[in-house]
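Please read the structure below before turning to the comments.
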Amino acid sequence: MLTLVVGVVMTVGGYFILHQREIVLEQSMRNEVEAHARTLQIALEAMYRAGRESEARELIDSMSDNPRVSAVVLFSASGDVIKVSDQLVADEIKFPPEVRHVLETGDLAESIRIINNEEVFSILMPIRVGNTRQGVFEIALPMSFIEADYARARREIALVTLLLFVIIIFVVVLVTRYSILRPIDELLRGAAALGRGNLDYRVIVPSNDHEFAQLENEFNRMANNLEEQRNNALREMEIRLKLERELRQSEHLASVGRLAAGIAHEIGTPLNVIEVRAEQVLRAEQVLNDQDGSLERRRRNITIIITQVERIAFIVRQLLNLARPYKLQRVPVDLNALIAGTVDMLETKLKTSNGSNVIVEIEPHESAWVNGDKELLRQVFSNLIVNAVHAMPDGGKLWITYAQNKVEKDGKHFLVVQVSDHGTGINPEHFSSLFDPFFTTKDVGSGIGLGLPVSRRIIEEHGGWIEAANNEHGGATFTIHLPVAPRIAGESAFSTIVSEKEKAIQ
Ligand code: ADP
């Protein structure tokens, strides 16, 4: 843009100077012709006055020697051509209307005309002797001289304009580069460094310009602020991390404490029983020979000891289920068949404590295949069914249903199974600890609080998740999400249910 503007200004300036030069050149040519004419007029008038007209003709002839003079023509008082400076062009000289005008008025006349095929600038002047006009003479200078001057002037001005243009552009580029581009470059470098996260970078703008100095100050102030904010954020993050670590540590300690308390409680009770019964057995040993019925009491005590030991072994097994790393024996499992088989297996447990019946209704899914460990999945459904039976002391219905549409999460499809009952439901306060180890609301001896945590662990090991919720019209629903396995060709889910049931009966 700058180049364009400078170019236009220089061209207009050059054109203006050239025009001025043309005016000056033209004026100087006029002056020159006029000077020649005046001199010639004085000489001719003197000759005419002295009656030496033949000398006047010689003078006119001698004018031909001057290369800058095209022609000199002498006219009589009647307007006839008396003499021309060059015989060759004599025939061409006509009586121009200006000659009459000069003879009538006595004023000089200027004109541009063609003589001898050449454009000339001519002046016509009267020759006076006293008050009478003796004749007129014309002196003409070729325009080619002035044209040559014009051309030279044009060349010179064009050259000077071009030179000035180049110098101005060079200076502008130099000044821009030094006083604008360099500071901007430095500011850009600073901005890029801040963008990369290098907040220690400070700019030093190489310029004495006031605006750039201000920009440098503002930029560095911004960098200081950013650095301070980053340091504050880092400090706060460290504090938060430390707090989180401490919190996790204390949560960890709390859960270990809860676990220890649970184990102590669950295993402590049977151990107490074992201790008391073992002491009784020992005492019975000492009086073995003289006590009637002691053998029977011993047998009862030992049976109780064995039951309690089995209970401890069960708790330990469940604890191990919760803590040990799993090695899943994954096979394609049809949940329809697995659930039906599990319900059949639990047939004897579908009676409540007060002898009422629990009816199980299963709504199979047309394609309920998952890739999983059969035994572990059976354990999950067994836990959920037993819990539901416990939640319905007066009997009722238990539904095992599937959501028709499979759920999609992170690009995977999940089969959704729901175990719902009509029982007591879950106390809202218990939701947060429902899946904690040893959380139970059941009486001592009937629940140890490991069923749900173990079930959750198994489902999560399969890549799924389990949720608990209360039903709108009473009872609770446990929802299991398990990743779907591709259906096995040729095997119908419903036929598998039948065969599983048959196996369970056998
Ligand atoms: P446990 O059955 O030995 O108590 P669980 O971990 O299986 O241990 O269950 C923990 C608790 O969750 C139960 O004591 C009970 O309070 C609650 N619960 C589980 N299933 C149900 C259900 N279907 N209805 C109501 N409460 C339930």
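General observations
- Pair-distance distribution of region 112-242: all C-alpha pairs, bin width 5 Å, starting at 0; shares per bin in whole percent are 2, 8, 9, 8, 7, 6, 6, 5, 5, 4, 4, 4, 4, 4, 4, 4, 4, 3, 3, 2, 2, 1, 1, 1, 0, 0.
- Hydrodynamic radius by Kirkwood, which averages 1/r over all alpha carbon pairs of the chain, in angstrom: 36.5 Å
- At R0 = 56 Å, FRET efficiency that the Cβ-Cβ distance of H413 and T269 yields, to 0.05: 0.75
- Every helix of 4 or more DSSP H residues in the chain counts as -39500 (n - 2.57), and over all residues that averages to -19000 deg cm²/dmol at 222 nm.
- The gain in end-to-end length when the V444 to Y178 segment is fully stretched comes to 86.7 nm, 0.36 nm per residue minus the alpha carbon separation.
- Listed residues Q41, I315, V416: farthest to the positive end of the dipole of the chain (Cβ charges): I315
- Here the spin labels are modelled as points 7 Å beyond Cα on the Cα-Cβ line, and at N427 and L295 they lie 5.0 nm apart.
- Only the Cβ atoms of Lys and Arg (+1) and of Asp and Glu (-1) were treated as charged; on that basis the dipole of region 107-238 about its Cα centre amounts to roughly 280 debye.
- In the chain, a dipole from Cβ-located charges (positive for Lys and Arg, negative for Asp and Glu) runs towards its positive end, and of M1, T477, L398 it is L398 whose Cα lies farthest in that direction.
- Put simply, when 202-208, 335-341, 396-402 are sorted by average Cβ atoms within 10 angstrom per residue, most first, you get 335-341, 396-402, 202-208.
- Extension gain (nm, one decimal) between L164 and S353, 0.36 nm per residue minus Cα-Cα: 56.7 nm
- Using alpha-carbon coordinates, inclination of helix 210-286 to the longest axis of the chain, degrees: 10 degrees
- The length gained on full extension between R100 and A403, counted as 0.36 nm times the residue separation minus their Cα-Cα distance, comes to 96.5 nm.
- Cα-centred dipole magnitude for region 60-177, charges only on beta-carbon of K, R (+1) and D, E (-1), debye, nearest 20: 560 debye
- Relative to its residue count, region 44-180 spans a Cα convex hull of 161 Å³ per residue.
- Backbone N under 20 Å from the H252 label point (7 Å along Cα→Cβ), restricted to region 418-454: 436-437
Read the figures in this text as sums done on the coordinates, not as results from a lab. Given the structure is predicted, the values throughout are model-derived calculations rather than measurements. So basically every Cβ, Gly included, is an ideal-geometry build from the backbone, and we count neighbours across all protein chains shown.
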